[in-house]
Amino acid sequence: MQTEEEKKQYQKNITLYQPKKHVLKNGLKAFIIGGLICMFGQWLSKVYMTYLPFTEEEAMSSMLATLILLAALATGFGVYDRLGQFAGAGSLVPVTGFSNAMTSSALEHKSEGLVFGIGANMFKLTGAVIAFGVVSAYVVALTRLLVSMLINS
(Lines give C-alpha, C1' and ligand atoms only; values in the text may rest on other atoms or scores of the structure.)
Protein backbone atom coordinates (compact mmCIF):
# COMPACT_ATOMS: atom_id res chain seq x y z
CA MET A 1 0.00 0.00 0.00
CA GLN A 2 1.26 3.48 -0.89
CA THR A 3 2.00 6.06 1.71
CA GLU A 4 0.53 9.53 1.52
CA GLU A 5 3.87 10.98 0.39
CA GLU A 6 4.18 8.43 -2.42
CA LYS A 7 0.69 9.35 -3.65
CA LYS A 8 1.61 13.04 -3.67
CA GLN A 9 4.85 12.31 -5.53
CA TYR A 10 2.94 10.19 -8.06
CA GLN A 11 0.45 13.02 -8.67
CA LYS A 12 3.32 15.45 -9.08
CA ASN A 13 5.04 13.14 -11.60
CA ILE A 14 1.98 12.53 -13.78
CA THR A 15 1.10 16.22 -14.02
CA LEU A 16 4.33 16.69 -15.96
CA TYR A 17 3.07 14.35 -18.70
CA GLN A 18 -0.57 15.43 -18.86
CA PRO A 19 -1.54 17.74 -21.71
CA LYS A 20 -2.06 21.35 -20.76
CA LYS A 21 -5.65 22.56 -20.74
CA HIS A 22 -6.33 25.49 -23.00
CA VAL A 23 -9.71 26.43 -21.57
CA LEU A 24 -9.80 30.02 -22.81
CA LYS A 25 -8.62 29.14 -26.34
CA ASN A 26 -11.01 26.17 -26.63
CA GLY A 27 -13.89 28.18 -25.22
CA LEU A 28 -13.26 31.00 -27.65
CA LYS A 29 -13.12 28.61 -30.62
CA ALA A 30 -16.35 26.93 -29.50
CA PHE A 31 -18.07 30.29 -29.06
CA ILE A 32 -16.97 31.56 -32.47
CA ILE A 33 -17.81 28.40 -34.44
CA GLY A 34 -21.13 27.87 -32.65
CA GLY A 35 -21.96 31.53 -33.24
CA LEU A 36 -21.05 31.27 -36.92
CA ILE A 37 -23.33 28.24 -37.33
CA CYS A 38 -26.15 30.16 -35.67
CA MET A 39 -25.43 33.26 -37.77
CA PHE A 40 -25.59 31.13 -40.91
CA GLY A 41 -28.96 29.79 -39.76
CA GLN A 42 -30.24 33.31 -39.14
CA TRP A 43 -29.01 34.42 -42.57
CA LEU A 44 -30.68 31.39 -44.15
CA SER A 45 -34.02 32.20 -42.54
CA LYS A 46 -33.77 35.82 -43.75
CA VAL A 47 -33.05 34.55 -47.27
CA TYR A 48 -36.10 32.28 -47.11
CA MET A 49 -38.32 35.17 -45.95
CA THR A 50 -36.91 37.61 -48.52
CA TYR A 51 -36.80 35.52 -51.67
CA LEU A 52 -39.56 32.99 -51.02
CA PRO A 53 -43.12 33.68 -49.90
CA PHE A 54 -42.47 32.22 -46.43
CA THR A 55 -43.79 33.46 -43.12
CA GLU A 56 -41.32 33.72 -40.27
CA GLU A 57 -42.43 30.36 -38.87
CA GLU A 58 -42.10 28.64 -42.27
CA ALA A 59 -38.68 30.21 -42.80
CA MET A 60 -37.46 28.98 -39.39
CA SER A 61 -38.70 25.46 -40.09
CA SER A 62 -37.06 25.46 -43.51
CA MET A 63 -33.82 26.84 -42.05
CA LEU A 64 -33.71 24.06 -39.42
CA ALA A 65 -34.38 21.41 -42.06
CA THR A 66 -31.61 22.87 -44.23
CA LEU A 67 -29.11 22.96 -41.34
CA ILE A 68 -29.96 19.36 -40.44
CA LEU A 69 -29.51 18.26 -44.07
CA LEU A 70 -26.21 20.13 -44.46
CA ALA A 71 -24.86 18.70 -41.20
CA ALA A 72 -25.87 15.17 -42.23
CA LEU A 73 -24.14 15.59 -45.60
CA ALA A 74 -21.05 17.08 -43.93
CA THR A 75 -20.98 14.10 -41.55
CA GLY A 76 -21.26 11.67 -44.44
CA PHE A 77 -18.34 13.30 -46.26
CA GLY A 78 -16.23 13.51 -43.08
CA VAL A 79 -16.18 17.31 -42.98
CA TYR A 80 -18.19 17.65 -39.75
CA ASP A 81 -15.72 15.46 -37.87
CA ARG A 82 -12.90 17.86 -38.71
CA LEU A 83 -15.08 20.79 -37.69
CA GLY A 84 -15.80 19.03 -34.39
CA GLN A 85 -12.10 18.40 -33.81
CA PHE A 86 -11.40 22.09 -34.24
CA ALA A 87 -14.46 23.69 -32.65
CA GLY A 88 -15.19 21.22 -29.86
CA ALA A 89 -18.50 21.98 -28.16
CA GLY A 90 -19.20 24.82 -30.59
CA SER A 91 -20.15 22.27 -33.23
CA LEU A 92 -22.25 20.21 -30.81
CA VAL A 93 -24.54 22.80 -29.31
CA PRO A 94 -26.60 23.89 -32.36
CA VAL A 95 -29.07 21.53 -34.01
CA THR A 96 -26.26 20.50 -36.36
CA GLY A 97 -24.60 18.56 -33.54
CA PHE A 98 -27.78 16.56 -33.04
CA SER A 99 -27.89 15.79 -36.76
CA ASN A 100 -24.23 14.79 -36.66
CA ALA A 101 -24.82 12.38 -33.77
CA MET A 102 -27.73 10.68 -35.54
CA THR A 103 -25.98 10.47 -38.90
CA SER A 104 -22.72 9.13 -37.50
CA SER A 105 -24.58 6.39 -35.60
CA ALA A 106 -26.50 5.47 -38.73
CA LEU A 107 -23.33 5.36 -40.85
CA GLU A 108 -21.51 3.30 -38.25
CA HIS A 109 -24.17 0.57 -38.29
CA LYS A 110 -25.24 0.64 -41.96
CA SER A 111 -23.51 -2.68 -42.67
CA GLU A 112 -25.96 -4.42 -40.32
CA GLY A 113 -28.93 -3.53 -42.54
CA LEU A 114 -31.68 -0.95 -42.60
CA VAL A 115 -33.79 -2.19 -39.70
CA PHE A 116 -31.33 -3.82 -37.30
CA GLY A 117 -28.44 -1.57 -38.22
CA ILE A 118 -29.54 1.93 -39.06
CA GLY A 119 -33.03 1.86 -37.56
CA ALA A 120 -32.04 0.23 -34.28
CA ASN A 121 -28.88 2.23 -33.67
CA MET A 122 -29.64 5.67 -35.13
CA PHE A 123 -31.06 6.94 -31.84
CA LYS A 124 -28.46 5.25 -29.65
CA LEU A 125 -26.69 8.55 -28.93
CA THR A 126 -29.62 10.90 -29.36
CA GLY A 127 -32.36 8.89 -27.70
CA ALA A 128 -31.48 10.21 -24.26
CA VAL A 129 -31.64 13.78 -25.56
CA ILE A 130 -35.07 13.19 -27.06
CA ALA A 131 -36.36 11.52 -23.89
CA PHE A 132 -34.99 14.28 -21.66
CA GLY A 133 -36.48 16.92 -23.95
CA VAL A 134 -39.93 15.34 -23.84
CA VAL A 135 -39.86 14.94 -20.05
CA SER A 136 -38.55 18.49 -19.57
CA ALA A 137 -41.24 19.91 -21.84
CA TYR A 138 -43.90 18.05 -19.86
CA VAL A 139 -42.57 19.35 -16.53
CA VAL A 140 -42.34 22.94 -17.79
CA ALA A 141 -45.85 22.81 -19.30
CA LEU A 142 -47.30 21.32 -16.12
CA THR A 143 -45.57 23.96 -14.00
CA ARG A 144 -46.86 26.73 -16.25
CA LEU A 145 -50.38 25.30 -16.08
CA LEU A 146 -50.29 25.13 -12.27
CA VAL A 147 -48.91 28.66 -11.95
CA SER A 148 -51.54 30.06 -14.32
CA MET A 149 -54.28 28.22 -12.37
CA LEU A 150 -53.02 29.72 -9.12
CA ILE A 151 -52.84 33.22 -10.58
CA ASN A 152 -56.31 33.04 -12.18
CA SER A 153 -58.07 31.64 -9.12
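The values are calculated or read from the model by the stated rules, or taken from the named source; none is laboratory data. Quick caveat: nothing in here was measured; it's all calculated off a predicted structure. In this analysis, Cβ positions are derived from the backbone assuming ideal geometry, glycine residues included, and neighbour counts consider all displayed protein chains.
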- request: Output the residues belonging to the stretch 90-104 that are under 19 Å from residue 133 (Cα atoms) and in a helix (DSSP H, G or I).
  value: 95, 96, 97, 98, 99, 100, 101, 102
message: Checking the conditions here, which among 106, 137 is hydrophobic (A, V, I, L, M, F, W, C) and outside the structural domain of residue 66 (by TED's automatic domain parsing)?
response: 137
query: Looking at 5, 108, which one is within 19 Å of residue 129 (Cβ to Cβ) and of a type in the set (Asp, Glu)?
result: 108
message: Can you say whether residue 66 is assigned by TED's automatic domain parsing to the domain that holds residue 104, assigned to a helix (DSSP H, G or I) and within 15 Å of the chain's Cα centre (by Cα), as far as the supplied structure shows?
response: no
- line: When the stretch 105-126 is checked residue by residue, the ones that are assigned to a helix (DSSP H, G or I) and under 21 Å from residue 67 (Cβ atoms) are 105, 106, 107
field: Candidates 93, 79 - the one that is touching a residue at least 40 places away in the same chain (Cβ under 8 Å), of a type outside the set (Ser, Thr, Tyr) and assigned by TED's automatic domain parsing to the domain that holds residue 30
entry: 93
message: So if I check each of 143, 75, 50, which one is in a helix (DSSP H, G or I), modelled with pLDDT of 85 or more, surrounded by fewer than 10 Cβ atoms within 10 Å (Cβ to Cβ) and out of contact with any Phe, Trp or Tyr (no Cβ under 6 Å at 6 or more places or on another chain)?
response: 50
query: Do any residues in the stretch 19-42 that are closer than 17 Å to residue 92 by Cα and in a helix (DSSP H, G or I) have Cβ atoms under 9 Å from those of residues that are at pLDDT 90 or above and not hydrophobic (A, V, I, L, M, F, W, C), where the two are at least six apart or on different chains, and which pairs are they?
result: 41/66
message: For the structure I just gave you, tell me whether residue 91 is under 30 Å from residue 23 (Cα atoms) and modelled with pLDDT under 85.
response: yes
